[in-house]
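**Q** Sharing a structure, written as structure tokens. Questions coming.
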């Protein structure tokens, strides 16, 4: 063996070169012009012993700011929530620790049952009839919902609220472009979807109306009114919902949502530079055969024993790629398991308690900011995020906060020039009164 991690001998190389009829590895790249080939040595440090390498990498990692050492008020789609210790214990078991899709039910009953439980819990939270095994994240879930709606209604226009996460909207537009679907954004008013503008925009060409619940600014949309306007034109009503918020909020299914999607990162999935996440996708029974991704069903074997299998597979790309409802393949089953374990560990009462803490602590932060002289821009009902207007640059203020051990909120000026000097503050159950008070005090000093 020539190298510890690259088990290929010179004899192995010679045999492979002989098979393809060449004498050297350089001949493999003969079609690459000489002038663009790299020559010389790579600028790579000499190899280190494993112990020395671990020490260096640990020192590099220590330069990062994370929510274990800093009080994080950064949300905007990725949140610092409590993660039960049991989550990592379960998902690290060898029976589950794989990205493999369980096509063979006879050897995958444990994984299939875990996915089935995830689907069941998502249905209970959202009030929908059926949920799939998971999607990549909240953005791709919403985009897939748009494509489903266009195919089902045979219409080519999506109305998307501007109060939806801007990156979700970008993903919707990318998916829609390939299907020649028009994406029309609906403006906001006072931090929520402008219902008057929505009523003007929705028509018999509209495939679906999309809103977020709570929306990107933390505000609670009027789903009952949106549903009424949407279904009056026989369009589909699509809701992107934070599943933790559904611990206290009325689920979209109760408002007549046709499709409910979202991101389960809030349950047992750590913040990690934006991913990986776990999207979910739930529908009413009328759309069952048009759902993207895997579906696990419960059945019985020939001896009458309960079992779990992938079902309705004719929808999927591994059966008929050209006519599949979606080309999503191996999904986020491991993260779906993490979410399932977290939801199970918390239970219904635990989820309700954590969701309630998010509301109460955010309300305390809102009052503290207002008492300190800040303007909290939107005054509607909220979940765990508020928008605060500050004097001066949000980015510069966040640098100052970081020096004080605080990760500041999201700079809304990055996505909307009209929101320069506005910051989106996330307050989860992890934040203490002392941390909230410190944030308000430091921001007061930085933005005086």
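Please treat every number below as a calculation from the coordinates, not as lab data. Just so we're clear, the structure is a prediction, and the values are computed from it rather than from any experiment. No Cβ is skipped: glycine too gets one built from the backbone with ideal geometry, and neighbour counts run over all protein chains shown.
**Q** Suppose R0 equals 60 Å; then what is the FRET efficiency for residue 177 and residue 432 from their Cβ-Cβ distance, rounded to the nearest 0.05?
**A** The value I calculate is 0.85.
**Q** Let me ask you something else. Antiparallel DSSP bridges in the chain: what percent, to the nearest 5?
**A** Roughly 55 percent of the beta bridges in the chain run antiparallel, per DSSP.
**Q** Another question, if that's okay. How would you order 271-283, 79-91, 19-31 from highest to lowest mean count of nearby Cβ atoms within 10 Å?
**A** Per-residue mean Cβ counts within 10 Å order the peptides as 271-283, 79-91, 19-31.
**Q** For residue 44, project a label point 7 Å along Cα to C-beta. Then give me every residue of the stretch 14-32 with its amide nitrogen under 18 Å of that point.
**A** Inside the label zone: 25-26.
**Q** Okay, next question. What is the gain in length, in nm to one decimal, between residue 299 and residue 6 on full extension, counting 0.36 nm per residue of separation less the C-alpha to C-alpha distance?
**A** That works out to 100.9 nm of additional length.
**Q** Right, another one. What residue among 384, 358, 421 has the largest mean-square fluctuation in a Gaussian network model of the chain, using Cα springs under 10 Å?
**A** Top of the fluctuation ranking is 421.
**Q** While we're here: Determine the percent antiparallel among the DSSP beta bridges restricted to the stretch 183-312, to the nearest 5.
**A** 55
**Q** Hey, in the GNM for the chain with a 10 angstrom Cα cutoff, which one of 155, 93, 431 fluctuates hardest?
**A** Looking only at 155, 93, 431, the largest GNM fluctuation is found for 93.
**Q** So which residue, out of 170, 137, 258, gets the largest mean-square fluctuation from a GNM of the chain using Cα contacts under 10 Å as springs?
**A** Highest fluctuation of the listed residues: 170.
**Q** In nm, give the distance between the simple-model label positions of residue 15 and residue 348, each being 7 Å from the Cα along the Cα-to-Cβ direction.
**A** Placing both labels 7 Å beyond Cα along the Cβ direction yields 6.3 nm.
**Q** Additional query: Per the helix-only calculation at 222 nm, which mean residue ellipticity applies to the chain, given -39500 (n - 2.57) for every DSSP H run of n ≥ 4 and division by its residues, nearest 500 deg cm²/dmol?
**A** For the chain, the value works out to -11000 deg cm²/dmol.
**Q** Oh, and also: Where does each of 109-117, 62-70 land if you order them by average Cβ count within 10 Å, highest first?
**A** With the highest mean Cβ count within 10 Å placed first, the list reads 109-117, 62-70.
**Q** Distance in nm between label sites at residue 29 and residue 195, each 7 Å beyond Cα in the beta-carbon direction?
**A** Simple spin-label model gives 6.4 nm for this pair.
**Q** Relative contact order (percent) for the chain, with alpha-carbon contacts under 8 angstrom and 6 or more residues of separation?
**A** That works out to 20 percent.
**Q** To the nearest whole percent, what portion of all C-alpha pairs in the stretch 244-292 is separated by more than 14 angstrom?
**A** Summing the P(r) of the stretch 244-292 above 14 Å gives 60 percent of all pairs.
**Q** Hey, fewest Cβ within 10 Å first, where do 306, 154, 289 land in order?
**A** Ranked by crowding around the Cβ, least crowded first: 154, 306, 289.
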